[in-house]
Amino acid sequence: MSERGMPCLLQVCQIYETVPCRELGMVLRYLGKRVFVLELVEGSQAQVDQFVLPGDIIDEINGVSLRNACNGLAGVVLQRLKGQPLTFRLIRWCSSDGTVYRPMVKLLKALQQENPKFQLNPKSQAPSHGGETQCLRDGRVVYIVQYLGKADVGMYGGKEVLQQGIPLVLEQKNPGKVVLFDLKETHVICTEKSSKQELFQHHYPDISCVGRYCRLDQTVFAFCVVDCQKMPEICSFSCVVMQASSAKDCEEIVNRIATGFKHTEWFV
């Protein structure tokens, strides 16, 4: 920390990486020759990733500096990089403990005066994790869930097979493993919580469907993933089954996976 507990620049600078998508979903405002994030579009990639916050400054895009930016510069850069993976260098308006980065105070006040509906929310940078249902990793929310197993569901991977594949796994009565389920920009990673061993990772284009199990307490969810390991020339689908800590977490996970493969379909 710098003098008087103010966060230094290194503490509020972070990198946000995302995949090519139809609409990133950040509404921008140019103020003081800086590019501010004014709001996030509901259901967009940026909103689902839960990384960028309203009030953050976009400092660079793929190494292109936006310092001393004129109006429209970010749009020009993004148009030039259309179809490419994007790396944003952000300056957070506050540190992880909610302390405001002092050089931004005047600009943030001006932003609020010009846009009365604009609100700063430090809590969204450090979500509540009561009951150890979630944790933070590299600025992202990672869910603590139970991995129940997987079952082969044949050559068809439509959403209808989820209600058939889930009972196949539950009937095995395998002891659940407590895992960290990380929904990244391009893929999902499942890591055993105790041993840190990676159990699997699947890219969104390999996931054909996702949904909740309708017969229990709305905490069991599953997704179908293409499996070509046994015979590469003949691919089948596996139903991966997991259980969230709550119905709310379950719904969030299902929505984020669905949004993930919806946004990645354009560059497959």
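The values are calculated or read from the model by the stated rules, or taken from the named source; none is laboratory data. Being a predicted model, the structure only gives us computed values, none of them experimental. Cβ: placed from backbone, ideal geometry, glycine included. Neighbour counts: every protein chain shown. Protein only, heavy atoms only, side chains kept; ligands, DNA and RNA dropped before computing areas. Shrake-Rupley method; radii C 1.70, N 1.55, O 1.52, S 1.80 Å.
Taking Lys and Arg as +1 and Asp and Glu as -1, the other residues whose beta-carbon sits under 14 Å from that of Cys239 total -2. Extents of the range 15-71, taken as max minus min of Cα coordinates on every principal axis and listed largest first, are 30, 21, 18 Å.
With one equal scatterer per alpha carbon and no solvent term, the Debye-computed log10 I(q)/I(0) for the range 142-213 at 0.19, 0.20, 0.24 1/Å reads -0.90, -0.99, -1.27.
Here the gap between Glu171 and Cys135, fully extended at 0.36 nm per residue and compared with their Cα-Cα distance, gives a gain of 9.9 nm.
Just the protein heavy atoms count here, and of the accessible area of the range 21-124 at 1.4 Å, carbon and sulfur take up 50 percent.
If the segment from Lys109 to Glu42 were pulled out straight at 0.36 nm per residue, it would be longer than the present Cα-Cα gap by 21.7 nm.
The range 159-233 and the range 72-90 have Cα centres spaced 33 Å apart. Computed from the Cβ-Cβ distance with R0 of 30 Å, the FRET efficiency linking Ser194 to Thr87 stands at 0.40.
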